[in-house]
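Here is the structure we will look at, set down as structure tokens.
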Amino acid sequence: MRKVLVLTGDGINSENELALAFSRQGASVTKLHVNVLLAEPSILRNYELLALPGGFSFGDEIRSGKILAEKMRDVLSGALAEFRARDGRIIGICNGFQVLAQLGVFDEGERSFTLAENDHRTFIDKWTKLTITENGSAWFRNLSGSLYLPVRHREGRIVGRGELRSALSYDEDVNGSKDRIAGVTDRSGNVLGLMPHPEVACFGFLHPFKDGAEENAAKVTRLFINGLA
């Protein structure tokens, strides 16, 4: 069972829901202000899974996730490389995904994509149907078919070049994202970034629909179980 580090602070939110999603599966979870990690990058050596929640880090000044990504790039590049080299898992959700994309962790070399403003230029907040794309990632082991998750973002449109390692795709075009991609992994499959919010969909009673709610919640929960395996 992997020890989980969930980042908090400076506009980050949903950290409690994300921590609960992992702790419900028996994981040892620590919530830590990002400034503490930036001050002491060696802390990351004590964990096997790093989780970046959603929110509005640094008020989304400049662009979503940009400032936090630059702070992490300046200080944590070596620690993150070491973390990934020892099979460390990373998940970034919504703003956390935006941070990871800005860091270029999904690429080997030059960054191939970014997350831009939705093509309709408005904030979206709704549940949406997604298709799980089989790409060999450990996060999606024993998962296939459809999944319903909430999305809430203004800058969630994936734009870039080349083929991305899609993990989730929208069944309908919600924001103009390239190939309707909602989430991607890196080549190893250990790093997952997605715009929808699985951490707030682990209980059927939270779903806006009744039929299939528990089955959908079980699928969402499986995502977190896989991340810890």
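The values are calculated or read from the model by the stated rules, or taken from the named source; none is laboratory data. These figures come from a predicted structure and were not determined experimentally. Positions of Cβ are backbone-derived with ideal geometry, glycine not excepted, and every protein chain shown enters the neighbour counts.
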> Which one of A182, A218, A229 is of a type in the set (G, A, S) and under 22 Å from Q98 (Cβ atoms)?
Replying inline: A182
>> Could you tell me how many of the residues in the range 179-203 are farther than 16 Å from G104 by Cα, charged (D, E, K, R) and either in contact with a Phe, Trp or Tyr (Cβ under 9 Å, 6 or more places away or on another chain) or crowded, with 21+ Cβ neighbours inside 10 Å (or both)?
In response: 2
> What is the one condition in (1) in a strand (DSSP E or B); (2) of a type outside the set (G, A, S); (3) without any contact (Cβ under 8 Å) to a residue 60 or more places away in the chain that R121 does not satisfy?
Replying inline: (1)
> For the range 1-36, what are the residues that are over 16 Å from G92 (Cα atoms), in a helix (DSSP H, G or I) and among the aliphatic types (A, V, I, L, M)?
Replying inline: V36
> In the range 110-161, which residue that is surrounded by 14 or more Cβ atoms within 10 Å (Cβ to Cβ) and of a type in the set (S, T, N, Q) is nearest to I225 (Cα to Cα)?
Replying inline: S137
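So that you can scan it fast, the table gives a plain yes or no per residue for (1) surrounded by fewer than 19 Cβ atoms within 10 Å (Cβ to Cβ); (2) part of a loop (DSSP other than H, G, I, E, B); (3) at pLDDT 95 or above:
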{"site": "S64", "(1), (2), (3)": "no, yes, no"}
{"site": "A69", "(1), (2), (3)": "no, no, no"}
{"site": "D74", "(1), (2), (3)": "yes, no, no"}
{"site": "G78", "(1), (2), (3)": "yes, no, no"}
{"site": "F83", "(1), (2), (3)": "no, no, yes"}
{"site": "G92", "(1), (2), (3)": "no, no, yes"}
{"site": "Q98", "(1), (2), (3)": "no, no, no"}
{"site": "A101", "(1), (2), (3)": "no, no, no"}
{"site": "E108", "(1), (2), (3)": "yes, yes, no"}
> Out of the range 150-165, which residues are under 22 Å from G136 (Cα atoms) and either out of contact with any helix residue (DSSP H, G or I) (no Cβ under 7 Å at 6 or more places or on another chain) or part of a loop (DSSP other than H, G, I, E, B) (or both)?
Replying inline: R161, G162, E163, L164, R165
> List pairs: first in the range 175-186 and in a helix (DSSP H, G or I), second surrounded by fewer than 18 Cβ atoms within 10 Å (Cβ to Cβ) and among the basic types (K, R), Cβ under 8 Å, 6+ apart or cross-chain?
Replying inline: none
> In the range 188-216, what residues are closer than 18 Å to A27 by Cβ, in a helix (DSSP H, G or I) and among the aliphatic types (A, V, I, L, M)?
Replying inline: V200
> Is the range 195-204 home to any residue that is of a type in the set (G, A, S) and either free of Cβ contacts under 8 Å to residues at least 40 places away in the same chain or under 28 Å from M1 (Cβ atoms) (or both)?
Replying inline: yes
>> Condition (residue is surrounded by fewer than 15 Cβ atoms within 10 Å (Cβ to Cβ), at pLDDT 95 or above, within 23 Å of L49 (Cβ to Cβ) and more than 17 Å from the chain's Cα centre (by Cα)) applied to the range 168-178: is it met by at least one residue?
In response: no
